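Just so you know, all these numbers are worked out from the coordinates, no wet-lab data involved. Computed from a predicted structure; not experimentally measured. Using ideal geometry, Cβ is built from the backbone for each residue, glycine included, and neighbour counts are taken over all protein chains shown.
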Amino acid sequence: MPELKIDLLTLFPEMVDGYFAQSMLGRAVQNGILEIGVHNIRDWATGKHLNTDDRPFGGGAGMLMKPEPLFGAIEAVATPGCQVVYLCPDGELLNQKMCGELAATKHMVLLSGHYEGIDQRVRDALVTREVSIGDYVLTNGTIAAAVLIDAVCRYVPGVLGEEKSLVQDSFNDNLLSFPQWTRPLEYRGMKVPEVLLSGNHAQIERWRNEQRLAKTRARRPDLLGEEYHHNDI
Ligand code: ADE
């Protein structure tokens, strides 16, 4: 049994097939820690022309995904109690806390749609969570689903080689990460900060925390509950 089973429903499986075979996720799939199934929604299309989309009632731009193939696809892969996540620009904004929560589930079904959207009945009847990966619109949710899967799987035990990577990530404690250096000690005239060479771990930790706070204040005051005064003089 894998730690986490994921089924991704998309019209474009080729967009992400290679992605899940690479790097840390690829290794976790090989080791049986993760099971990732990528399914083509078109396999559940019905009717003479196997259409998966149609015009919206009431008019408007673009096409919507029809309910029948989506109900068919979701009902074919869902298991009792699993999360059914729909990726869409009008979903809840993805964050690190949500990734931890989703990683604690056993089975996740992800649905990626056209950017124009899907029939509301699918959302009302079958989707348990709607997630956006940011305030911009993609042509479809497949890459968004891959982003979510990547971020969630880092929390699944055994996926990261070193679990302490999770502790020093950006967004832990709602702070961005501290800057880091590796060898050589000096490169093109640029030196590694002295404090990191001191061997004084308490001092290093204090310095790193100051760096995290300063960076967060400058770039993401919202994480600190502070307002961003872009035009302040
Ligand atoms: N589909 C289109 N845009 C998206 C976004 N920003 N997040 C998730 N799914 C999407």
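Of note:
- For the chain, the dipole from Cβ point charges (+1 on Lys and Arg, -1 on Asp and Glu) about the Cα centre works out to 560 debye, to the nearest 20.
- Computed lengthening from TYR187 to TYR136, 0.36 nm per intervening residue step minus Cα-Cα distance: 14.6 nm
- In the chain, helices alone account for a calculated mean residue ellipticity at 222 nm of -8500 deg cm²/dmol, with every DSSP H run of four or more residues adding -39,500 (n - 2.57).
- Highest mobility in the GNM of the chain, judged by mean-square fluctuation with C-alpha springs under 10 Å and restricted to PRO89, PRO69, PRO184, is found for PRO184.
- With at most 15 neighbouring Cβ atoms within 10 Å, loop trypsin sites (Lys or Arg not before Pro) (DSSP) excluded, longest segment of the chain: 107-187
- Extending 7 Å from the Cα toward the beta-carbon at both ALA61 and HIS201 defines two label points whose distance is 5.7 nm.
- Distance between the modelled labels on ASN172 and GLU14, one decimal in nanometres: 4.1 nm (7 Å Cα→Cβ projection).
- Once the Cα-Cα distance is subtracted from the 0.36 nm per residue extended length, the LEU213 to GLU162 segment shows a gain of 15.9 nm.
- Cross-link partners of LYS97 among lysines (Cα-Cα below 18 Å; sequence separation of 8 or more within a chain): LYS106, LYS164
- Of the GluC sites (Glu not before Pro) in segment 165-233, those whose Cβ has at most 10 other Cβ within 10 Å and which sit in DSSP loop: GLU227
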